[in-house]
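Peer 1: Attaching a single structure in structure tokens format; questions to follow.
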Amino acid sequence: KEVGIQIHSGKNRIVRRIFEHLGYEVVKLDRVVYGNLTKKDLPRGKWRFLEEHELIQIKHLIK
């Protein structure tokens, strides 16, 4: 069974703990968006270099 959930803050381990507390076994978590970055057009197993403006935005997120 697959469940989709959208959160605006937090970490994977928080989501995992919530579902395990509710009695679900968490097999895999997949972060599809981080800040303004998305995996939308990136094929599975591939990667790309970030653009300069993306790096700047991420640096502001982690402050």
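Peer 1: Within segment 3-12, does at least one residue satisfy the condition of being touching a helix residue (DSSP H, G or I) at 6+ places or on another chain (Cβ under 7 Å) and free of Cβ contacts under 8 Å to residues at least 12 places away in the same chain? Talk me through it step by step, then tell me what you get.
Peer 2: Filtering segment 3-12 down to residues touching a helix residue (DSSP H, G or I) at 6+ places or on another chain (Cβ under 7 Å) leaves 5, 7.
Filter once more, keeping what is free of Cβ contacts under 8 Å to residues at least 12 places away in the same chain: 5, 7.
Within segment 3-12 (the criterion being touching a helix residue (DSSP H, G or I) at 6+ places or on another chain (Cβ under 7 Å) and free of Cβ contacts under 8 Å to residues at least 12 places away in the same chain), the answer is yes, since at least one residue qualifies.
Peer 1: How many residues does segment 1-51 hold that are surrounded by 10 or more Cβ atoms within 10 Å (Cβ to Cβ) and small (Gly, Ala, Ser)?
Peer 2: 1
Peer 1: Restricted to segment 21-51, and to residues that are of a type in the set (Phe, Trp, Tyr) and closer than 18 Å to ILE5 by Cα, which residue is farthest from the chain's Cα centre (by Cα)? Explain how you work it out, then say what you get.
Peer 2: Within segment 21-51, the subset of a type in the set (Phe, Trp, Tyr) is 24, 34, 47, 49.
If we keep only those that are closer than 18 Å to ILE5 by Cα as well, we get 24, 34.
Values: TYR24: 20, TYR34: 5 Å.
Ranking the qualifying residues of segment 21-51, first place goes to TYR24.
Readers should treat all values here as calculations from the given coordinates under stated rules, not as data from a laboratory. Computed from a prediction, not measured in an experiment: that's the story for all the values here. Positions of Cβ are generated from backbone atoms using ideal geometry, with glycine treated the same way; all protein chains shown enter the neighbour counts.
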